[in-house]
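Take this structure, written in structure tokens, and hold onto it; I'll ask about it next.
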Amino acid sequence: MERWRIMIVDDEEDIRELIKASLESEFEVAEAYDGLDALDKLDLFQPDFIIMDVMMPLMNGLDTSITIRENPKYNDVPILFLSALSTKEDMNKAYRSGADLYLTKPVDPTHLISTIKSFLKKSSGTPRKKQYTIQELAEKKKPEKSAVKLGDEDSEFQIIASRQPQPKHKESPYKRRYFPTLPRVMVVDDEEDMVDFLYLSLKDGFEVVSASDGISAIKKAVEYQPDIFILDIMLPKMSGYQICQSLRRNRTYMNAPIIMISAKSSPRDKEYAMRMGADDYLIKPFHAKHLVDLVYQVIHKRNITVREKKVSIEEIEEKHKQQEKTFEEKDERFLKRTEESEIQKLLRRELEKDKKSR
């Protein structure tokens, strides 16, 4: 009989290992270490049940739950929050974000298993068909062996070779690379004018998608699969530093080119961006050509491959149009209600005047 698959989402490895040890005799168990990692692995793991911590760095459990509930393929997957937060308000927030169950840490393993079994029994469903077995997932998790290990003779030779004068015919790192499919760049900035500037600068050589804050950037990264990221540092909800750090921890984006942009110009800010995993740092304001040259330089450095996308740029643009249309319709309805309300107030005042005059 096929077993239920549970995904554990927690940034503390010890907690994940403890829960996994408690569950794996009864269930298949897969792990994710933060919100972005969980969203990115949904299609890979195809979980039947999710156990998630609330307080996670970068993207917390509440925002992750909301995003999962917006995904039609997984919006019915049961979510159990396992958290040290124990107030009624904390629980209400979790349920409002889409949780089905809430248990407080520390939890007794026997109680956890019985709670999950009871819930799955009531659901009267069956485990979804999986693309990969748990053994195949374990194989995918293994890090790829690097072609050259540090300390090997080949590696020492490469170090020596890299110190030699560069031959004149060597390809310039600024030289444009041409792809069968245009690379997709995600620009993340909360200033609309800057987003427009970045779009106009890049649109001839790239597909461009945008986000105005950290949380929407994480959500859109999973859906739109960008190949390159340009991140402002000062963003609402999640800083560019945090997004960068989260991307570098993610298997899909750990090698993606990332350029940080900011009005901050101190060496300390740039050094911190590099420590978080950025490839380069661009100080605002800057010329469009400087930006484009830097993007191609980073592409050359990373030697990226453009992946096939689930959603085309045309579908993204159509989705944006539909969203704008929906917002406009809501605005119209709101204005209409407001106008009606003002007319009602006016009529009421006129009626009151009539009553007084009588």
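The values are calculated or read from the model by the stated rules, or taken from the named source; none is laboratory data. A quick note: this is a predicted structure, and the numbers were derived from the prediction, not measured. Neighbour counts are summed over all protein chains in view; Cβ atoms, including those assigned to glycine, are modelled from backbone coordinates with ideal geometry.
For Ala217, are the conditions met, namely being buried (at least 20 other Cβ atoms within 10 Å of the Cβ) and within 13 Å of the chain's Cα centre (by Cα)? Spell out how you get there, then give the answer.
Numbers: buried (at least 20 other Cβ atoms within 10 Å of the Cβ): yes; within 13 Å of the chain's Cα centre (by Cα): yes.
Criteria met by Ala217.
Condition first: touching an Asp or Glu at 6+ places or on another chain (Cβ under 8 Å), in the same structural domain as Lys203 (by TED's automatic domain parsing) and within 19 Å of Gln242 (Cβ to Cβ). Can you find one or more residues in the stretch 284-302 that meet it?
There is no residue in the stretch 284-302 that is touching an Asp or Glu at 6+ places or on another chain (Cβ under 8 Å), in the same structural domain as Lys203 (by TED's automatic domain parsing) and within 19 Å of Gln242 (Cβ to Cβ).
Can you report the number of residues in the stretch 296-324 which are in a helix (DSSP H, G or I) and closer than 19 Å to Glu223 by Cα?
Here is the first cut: in the stretch 296-324, the ones in a helix (DSSP H, G or I) are 296-302, 313-324.
The next check asks that each one be closer than 19 Å to Glu223 by Cα; those that pass are 313-324.
Number of matching residues: 12.
Let me ask something additional. Quick check on the stretch 195-207: of everything there that is in contact (Cβ under 8 Å) with a residue 40 or more places away in the chain and outside any helix (DSSP H, G or I), which residue is farthest from Lys73 (Cα to Cα)? If you could, list the steps in order and put the result at the bottom.
As a first pass, look at the stretch 195-207 and keep what is in contact (Cβ under 8 Å) with a residue 40 or more places away in the chain: 197-198, 200-202, 205-207.
Subsequent filtering for residues that are outside any helix (DSSP H, G or I) retains 205-207.
On the way: Gly205: 33, Phe206: 29, Glu207: 26 Å.
This residue is Gly205.
Would you be able to tell me the number of residues in the stretch 294-323 that are modelled with pLDDT under 85, farther than 13 Å from Thr181 by Cβ and of a type in the set (S, T, N, Q)?
Summing the residues that are modelled with pLDDT under 85, farther than 13 Å from Thr181 by Cβ and of a type in the set (S, T, N, Q) in the stretch 294-323 gives 3.
All but one of (1) more than 23 Å from Thr67 (Cα to Cα); (2) hydrophobic (A, V, I, L, M, F, W, C); (3) touching a helix residue (DSSP H, G or I) at 6+ places or on another chain (Cβ under 7 Å) hold for Cys244, so report the exception by its number.
Looking at each condition in turn, Cys244 falls short on (1).
Pairs needed: first member in the stretch 304-317, touching a residue at least 12 places away in the same chain (Cβ under 8 Å); second member anywhere, surrounded by 15 or more Cβ atoms within 10 Å (Cβ to Cβ) and of a type in the set (Lys, Arg); C-beta distance under 7 Å; at least 6 residues apart or different chains.
Lys309/Arg184
Right, next: All but one of (1) surrounded by fewer than 22 Cβ atoms within 10 Å (Cβ to Cβ); (2) modelled with pLDDT of 90 or more hold for Ser265, so report the exception by its number.
(2)
Can you tell me which residues in the stretch 52-106 are part of a loop (DSSP other than H, G, I, E, B), buried (at least 18 other Cβ atoms within 10 Å of the Cβ) and either in the same structural domain as Ile243 (by TED's automatic domain parsing) or at negative phi (or both)? Please lay out each step first, then the result.
Residues of the stretch 52-106 part of a loop (DSSP other than H, G, I, E, B): 53-60, 70-78, 84-87, 97-100, 105-106.
With the extra rule that they be buried (at least 18 other Cβ atoms within 10 Å of the Cβ), the set shrinks to 53-54, 56, 58-60, 74, 77-78, 97-99.
Listed by number, the residues that qualify are Asp53, Val54, Met56, Met59, Asn60, Tyr74, Val77, Pro78, Ser97, Ala99.
If I go through the stretch 211-255 residue by residue, how many of them are farther than 20 Å from Leu42 by Cα and either in a loop (DSSP other than H, G, I, E, B) or among the β-branched types (Val, Ile, Thr) (or both)?
12
Also, I was wondering about something else. Which condition number in (1) under 26 Å from Glu318 (Cα atoms); (2) of a type outside the set (Lys, Arg); (3) at pLDDT below 90 is the one that Asp189 fails?
Exception for Asp189: condition (3).
Restricting to the stretch 1-36, what's the tally of residues that are part of a strand (DSSP E or B) and in contact (Cβ under 8 Å) with a residue 40 or more places away in the chain?
Residues of the stretch 1-36 that are part of a strand (DSSP E or B), as a first pass: 5-9, 28-32.
Among the residues that remain, those that are also in contact (Cβ under 8 Å) with a residue 40 or more places away in the chain are: 5-9, 28-30.
Total meeting the criteria: 8.
Sticking with this one: For the stretch 107-117, which residues satisfy the criterion of being assigned to a helix (DSSP H, G or I) and surrounded by fewer than 17 Cβ atoms within 10 Å (Cβ to Cβ)?
At the first step, the residues of the stretch 107-117 found to be assigned to a helix (DSSP H, G or I) are 109-117.
Scanning the stretch 107-117 gives Pro109, Thr110, His111, Ile113, Ser114, Thr115, Lys117.
Ok, one more. Can you tell me how many residues in the stretch 257-295 are touching a Phe, Trp or Tyr at 6+ places or on another chain (Cβ under 6 Å) and either outside any helix (DSSP H, G or I) or farther than 20 Å from Met59 by Cβ (or both)? Walk me through how you get there before you give the answer.
In the first step, residues of the stretch 257-295 are kept if they are touching a Phe, Trp or Tyr at 6+ places or on another chain (Cβ under 6 Å); the result is 258, 260, 270, 273, 276, 293.
Keeping just the survivors that are either outside any helix (DSSP H, G or I) or farther than 20 Å from Met59 by Cβ (or both) gives 258, 260, 270, 293.
Total satisfying the criteria: 4.
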